[in-house]
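So the structure is just underneath, and the comments pick up after that.
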């Protein structure tokens, strides 16, 4: 029985978290994430969700509280954006290193200054190396589904790592769109009750988070890295189960019309739908263009990306974050690294655009493809596409 | 280049000794490096410090694996750690040992040169406390040269101010009283060992790392509650132990509350009892006791 409704994506995300029977939500409101945690607070207040909602005084406390809740065996959720995510930075490392299966939604937004509340990825990309699994949603249905999948991935004993689900601020988080909602019993069938691998329990004392000197630190990092790499195959398994139960199929990397494509766009997040529309229009004009979207950013599905892009002459990357003083953006850097040793290397045409919510539309992608095919020269390996210079 | 490793206990000044010697060598126009074994500071715990001295610039930022010389500030360390670990064959051991303890040298005599001095006694007689770092430097200069007693004056004055005179006296006396025992026969050039690494890189990793990565608890947890009890911080004790005068003790428990290692405990009948396994000899209990019932006194090894 389909339950398809028109709903704001933030509200749907909160509903999904509610269906997961979370035990603890701790959050601090920040635009554009606020609607997610406001709705969770409503669910708790109205008795629809039997969880502890902790209204904390900062994001640093929010992530610390869910880390503690997770260590005691609870299913814990938080959400944030922009400066809030930056304030969490320190604790993000601890959550992943202590192998605590926290799930967090991030409504991606630019970081100050100037103060800017609109979408780009400059909040999440600096968190790239905190050891979290990082997933990027393209639309409301995916954001909704990923929440449920995220808990199952995080809590899998082969993984035991926190998972960050990213959705673009406003252009995704605040959209009203059709989403097929799940039933509580369906979600319970897909996501079993949490079985903590170990927990803080006075009856069975243990130390979580002790000192680790030079004689164990490297080994602890290796163990964490192996779990993070393993999470990709566990995610594939979860996506197969999800398809079997709900009929929707997900992959770490999605390809669209890349078969004979001369130039392939690479995108993340909600702009990918616009990119797909642009690809269709360019195809209608006879341009051999395709699209590859990265859904799983950490762990980076290197082999899938290499296979998806190896046939292209030019790979045109859109990075929605500038790496100041560097070689462009994080996605472009990753792709160059993947292809450096490949026998056949596509040219990588990297573009930084869409900062602070600057409009990304079909014209943007057509311009990227035009420049890429024209072999336009790049200084410092990237083009700052949409900056006004005259 | 000469590489020297110092063994002491936290608070005895091994790091300072290395530092003073490096400053002197630099004043002499040489190149030198002094550095501790970077880690948590633990008063009384066995610690190491390192010193390199060379006529040429030193381009190394690594620990000293195979020292030419080892300096031991505290005689009780010989039973706790292998002070000769990695010491080059024929290298120099500079030891603080009382005349009565010299039997301990037997195991080193046929492999290494040994310079020995009763630095603890000299320190007590000159400075007034058994802190041996400045005395042992006198022995090191006697055994290895490196710098002169004269050059040591500047760094010691800067470091100790009005206490420099006493420390310089300790340095001077230790220099005079140090006995360098007959060296083993120097290997002939033909027998000179080929320079080789003391172990393979894989073996080095096994020494550096406690466990194989997949044997660690998830998240580096410690799953045995109370495992700290197995960590006998009493091994670190070097500066005496508390003695309780039961006639003065009112069982107020101040010592129990202030003791950083719970080494002062109540017995079943409410009296205070001292636990030698964990007492580091810090003396906080004696300082805090409102009745002056606790005094710090030297202990003998039999206790």
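Read the figures in this text as sums done on the coordinates, not as results from a lab. Computed from a predicted model, the values in this text were never measured in an experiment. Heads up, the Cβs are rebuilt from the backbone with ideal geometry, glycines too, and the neighbour counts pull from every protein chain shown.
Remark: B:268, A:123 ranked as B:268, A:123, counting other beta-carbon atoms within 10 Å and listing the fewest first. Taking 20 °C and 1.002 mPa s as conditions, the range A:253-384 diffuses translationally at an estimated 148 µm²/s according to Stokes-Einstein applied to its Kirkwood radius (Cα pairs). When the P(r) is computed for the range B:4-98, the part past 20 Å accounts for 34% of the Cα-Cα pairs.
What does the average come to when, for each residue of peptide B:206-213, you count the partner chain Cβ atoms lying within 10 Å of its Cβ? All intermediate terms of the calculation are to be shown ahead of the outcome.
Values: counts 0, 1, 3, 7, 6, 4, 3, 10.
The shielding value for this peptide is 4.
Mean residue ellipticity at 222 nm, helices only, chain A: -12000 deg cm²/dmol; runs of at least 4 DSSP H residues each add -39,500 (n - 2.57), and the sum is divided by the number of residues. The ratio of the alpha-carbon radius of gyration of the protein assembly as shown to the globular-protein estimate 2.2 N^0.38 Å is 1.27. Our note on the geometry: Cα centres of the range A:234-283 and the range A:145-167, 20 Å apart. Between 0 and 90 degrees, the angle of helix A:9-19 with respect to the longest Cα principal axis of chain A falls at about 40 degrees.
Only Cα sites of the range B:232-297 enter the Debye sum here, all with the same form factor; the resulting log10 I(q)/I(0) across q = 0.11, 0.20, 0.28 1/Å is -0.20, -0.69, -1.33, listed in q order. For the range B:2-180, the calculated P(r) over all alpha carbon pairs, in 5 Å bins from 0 to the bin holding the longest distance, is 1, 9, 19, 24, 23, 15, 8, 2, 0 percent. Computed from the Cβ-Cβ distance with R0 of 45 Å, the FRET efficiency linking residue A:280 to residue A:52 stands at 0.45. Each principal axis of the Cα atoms in the range A:243-291 has its own extent, and those three values, largest first, are 39, 21, 17 angstrom. For chain A, find the longest principal axis of its Cα atoms and tell me its angle to the long axis of helix A:330-339, 0 to 90°, nearest 10. Relative to chain A, helix A:330-339 is tipped by roughly 70 degrees. The orientation-averaged projection of the convex hull spanning the C-alpha atoms of the range B:1-56 amounts to 3.4 square nanometres.
Just to be sure I understand: of the beta bridges DSSP finds with both ends in chain A, what percent are antiparallel, rounded to 5?
25 percent
Across the range A:1-134, what fraction of all alpha-carbon pairs, as a whole percent, falls in each successive 5 Å bin from zero upward? Result returned by the calculation: 2, 11, 21, 23, 21, 13, 7, 3, 0, 0. Computed from Cα positions, the angle between helix A:362-373 and the longest principal axis of chain A comes to roughly 60 degrees.
Just to be sure I understand: of the beta bridges DSSP finds with both ends in the protein assembly as shown, what percent are antiparallel, rounded to 5? Percentage antiparallel, nearest 5: 45.
How many percent of DSSP beta bridges within the range B:2-180 run antiparallel, rounded to 5?
Numbers: 16 of 29 bridges.
Close to 55 percent.
The residues B:297, A:257, when put in order of fewest to most other Cβ atoms within 10 Å, stand as B:297, A:257. Just checking the listed ones, A:223, A:214, A:302: in the Gaussian network model of chain A with Cα springs under 10 Å, the one fluctuating most is A:214.
Tell me, what is a quarter of the convex hull surface for the C-alpha atoms of chain A, in nm² with one decimal?
Numbers: hull surface 83.5 nm².
Its average projected convex-hull area is 20.9 nm².
With N residues in the range A:118-215, what two-decimal value do you get for its Cα radius of gyration over 2.2 N^0.38 Å?
On the way: Rg = 17.4 Å, N = 98, 2.2 N^0.38 = 12.6 Å.
Normalised Cα radius of gyration, the range A:118-215: 1.38.
Going from the fewest other Cβ atoms within 10 Å to the most, the residues A:242, B:6 appear in the order A:242, B:6.
Counting every alpha-carbon pair across chain B, the share separated by more than 28 Å comes to 48%.
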